[in-house]
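All of the numbers you see were taken from the coordinates with simple rules; none came from a lab. Small disclaimer: the values here were computed from a predicted structure and weren't measured. So basically every Cβ, Gly included, is an ideal-geometry build from the backbone, and we count neighbours across all protein chains shown.
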Amino acid sequence: MVTTTAPVQIDPFVQKFLSRPRGMLIGGECVDAQSGKTFETYNPATGEVLAQVAEGDTADIDLAVAAARKSFETGPWPEMSPAQRGHLLWKLSDLIAAHLEELAELETLDNGKPLFFSRIVDVPTAVEVFRYMAGWATKIEGTTVPLSAPMGKFLAYTLREPVGVVGQIIPWNFPLIMASWKLAPALAAGCTCVLKPAEQTPLTALRLGELIQEAGFPDGVVNIVPGFGETAGAALAAHPGVDKIAFTGSTEVGRLIAKAATGNLKKVSLELGGKSPNVIFADADLKVAIPGSASAIFFNQGQICTAGSRLFVHKSVFDQVVEGVAGETKKFTVGPGINPSTNLGPLVSKEQLSRVCGYLDSGTKEGAKTVVGGKRIGDTGYFIEPTVLIDVKPHMRVVREEIFGPVVTAIPFHEPEEVATFANDTIYGLASAVWTRDISKAHRMAAKIRAGTVWINCYNVFDPALPFGGYKQSGWGREMGRAALDLYTESKSVCAQI
Ligand code: NDP
């Protein structure tokens, strides 16, 4: 592992964007908070202030919801054809692609992730999600239904209609991707949106808001209110004028969202935490499984809800795999994400750093052995060593709780039959993986594992066409693919006597 701090030239547009306080997007206007307050967003590579951002709270959420309601019910948006909505979404995808470099730099500076990944993963994924959902705008169909009611002859059909005004609350780990996962299907379905980005990473969402206006979406269709979860987020989740709330983040806050939504029984979808099992059988191709498993946990500094944080390895190859995954950590170039040679950046915030360090302490105290890593790197920024822990027991916090950092617990298993039980011994059920050359075993495992996604001989493969979401306490509903449209539409039955 090497560290790099070489200075890097920031895009002049990005410098300008950061140099003045960023307002929020309400009703097509860039406005200050009603309170006049702003908050600071930080560069996690240095701990220094990056930009000032308008701090939305209940009053701003009220205005944003009113603007979204108005544009849902009147004006050009409800009059637009599905094709026109699709064209707007496609135009937005083109604008995001045209501004790739600037969005990638903003994402990296705000979140810390390596610029390399912002360029090849975050921004291109947002482009593809808007393109994929642009295609769906013209394909949201109902059905005709043959009735057997004895009272006469009927023509019955169903319509799929937009659910209405949607509130969307997103986290800091993939800020632009999360904004696109939320906004694109909602807009394809004809909803209007109030999006609250995470306080740590509001910048790309605010820039996206500018591109949304530039693409020509009618005013008020998308409103973006940065602010804190306890104020702006809670106000949005509880708002009686919101028909549906979509949330990605911790399971703990997911519970609060579900409770807050009960006031007006708004629809709820939740994409929450994970503690994903990653299972390597003795017959796996270890040349692929070892780097794949390292990437499964260390990608995005481990700050991904699907992180392969529980690595189950057959005892016959356990030492080889542990040594291999530990060896992969030596290949990282750690440093500020904005440096193009960095492939492991800092954690997002001081809070996240102390949270992950707390888990490392707890693992050591409970008897886990550190094979590699285990410590903070330096005292500037929020860097932490990629870490492999062994000698862990099922009751330990490092095995049971979501760490959301580059920390993997490796656990040997003896009998192939027992590993599915171990894999399922968690409150979560978001993702999982199986590495084996035996295709039957792979599919038997895929059937046994209780998780929304099972990868076979790969990890973290996402696609706008592939539904994603969690079993158990990992959430409610599926994002992406056709399934995402179900989150943003209501079914109406129409029945006519003929
Ligand atoms: P949170 O769940 O607190 O944050 C996610 C979003 O929810 C943010 O926009 C946050 O706002 C908002 N929020 C917070 N509290 C409320 C509330 N009471 N009502 C409405 N919205 C709220 O995650 P954290 O940032 O605190 O991270 C803590 C842990 O959560 C991580 O260590 C990780 O384990 C997990 N997590 C999981 C993610 C996932 O993808 N499943 C993503 C991020 C975190 P704000 O940030 O402005 O306060």
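Tabulated data
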{"quantity": "Residue among Ala282, Ala289 that is more than 16 Å from the ligand (Cβ to nearest atom) and without any contact (Cβ under 8 Å) to a residue 60 or more places away in the chain", "calculated": "Ala282"}
{"quantity": "Condition met for Glu141 (of a type in the set (Asp, Glu) and either assigned to a helix (DSSP H, G or I) or surrounded by 14 or more Cβ atoms within 10 Å (Cβ to Cβ) (or both))", "calculated": "no"}
{"quantity": "Number of positions in region 270-304 that are of a type in the set (Val, Ile, Thr) and in a helix (DSSP H, G or I)", "calculated": "3"}
{"quantity": "Unmet requirement for Asn300, which otherwise passes all of (1) closer than 30 Å to Thr192 by Cβ; (2) in contact (Cβ under 8 Å) with a residue 60 or more places away in the chain", "calculated": "(1)"}
{"quantity": "Matching strands (runs of 3 or more DSSP E) fully within region 397-498 where at least 3 residues are among the small types (Gly, Ala, Ser) and within 24 Å of Asp122 (Cβ to Cβ)", "calculated": "none"}
{"quantity": "Hits in region 467-487 (condition: on the phi > 0 side of the Ramachandran plot and of a type in the set (A, V, I, L, M, F, W, C))", "calculated": "Met480"}
{"quantity": "Any hit, region 157-176, residues being assigned to a helix (DSSP H, G or I), surrounded by 24 or more Cβ atoms within 10 Å (Cβ to Cβ) and within 11 Å of the ligand (Cβ to nearest atom)", "calculated": "yes"}
{"quantity": "Residue pairs meeting the criteria (Cβ under 9 Å; at least 6 apart or on separate chains; first under 11 Å from Leu236 (Cα atoms), in region 62-76; second part of a helix (DSSP H, G or I) and among the acidic types (Asp, Glu))", "calculated": "none"}
{"quantity": "Among (1) in contact with a Pro (Cβ under 7 Å, 6 or more places away or on another chain); (2) part of a loop (DSSP other than H, G, I, E, B); (3) not β-branched (Val, Ile, Thr), the one test that Phe312 misses", "calculated": "(2)"}
{"quantity": "Answer from Glu48, Glu73, Glu79 - the residue that is closer than 18 Å to Asn111 by Cα and loosely packed, with under 14 Cβ neighbours inside 10 Å", "calculated": "Glu48"}
{"quantity": "For Thr409: the one exception among (1) under 30 Å from Ser316 (Cα atoms); (2) touching a Pro at 6+ places or on another chain (Cβ under 7 Å); (3) in contact (Cβ under 8 Å) with a residue 60 or more places away in the chain; (4) of a type in the set (Ser, Thr, Tyr)", "calculated": "(2)"}
{"quantity": "Number of positions in region 74-114 that are outside any loop (DSSP other than H, G, I, E, B) and of a type in the set (Gly, Ala, Ser)", "calculated": "6"}
{"quantity": "Selection count, region 252-279, where residues are farther than 19 Å from Tyr488 by Cβ, more than 10 Å from the ligand (Cβ to nearest atom) and β-branched (Val, Ile, Thr)", "calculated": "2"}
{"quantity": "Leading residue by the ranking (nearest to Asp110 (Cα to Cα)) among those in region 189-226 that are within 16 Å of the ligand (Cβ to nearest atom) and assigned to a loop (DSSP other than H, G, I, E, B)", "calculated": "Thr201"}
{"quantity": "Subset of region 12-34 (residues that are surrounded by 15 or more Cβ atoms within 10 Å (Cβ to Cβ) and of a type in the set (S, T, N, Q))", "calculated": "Gln34"}
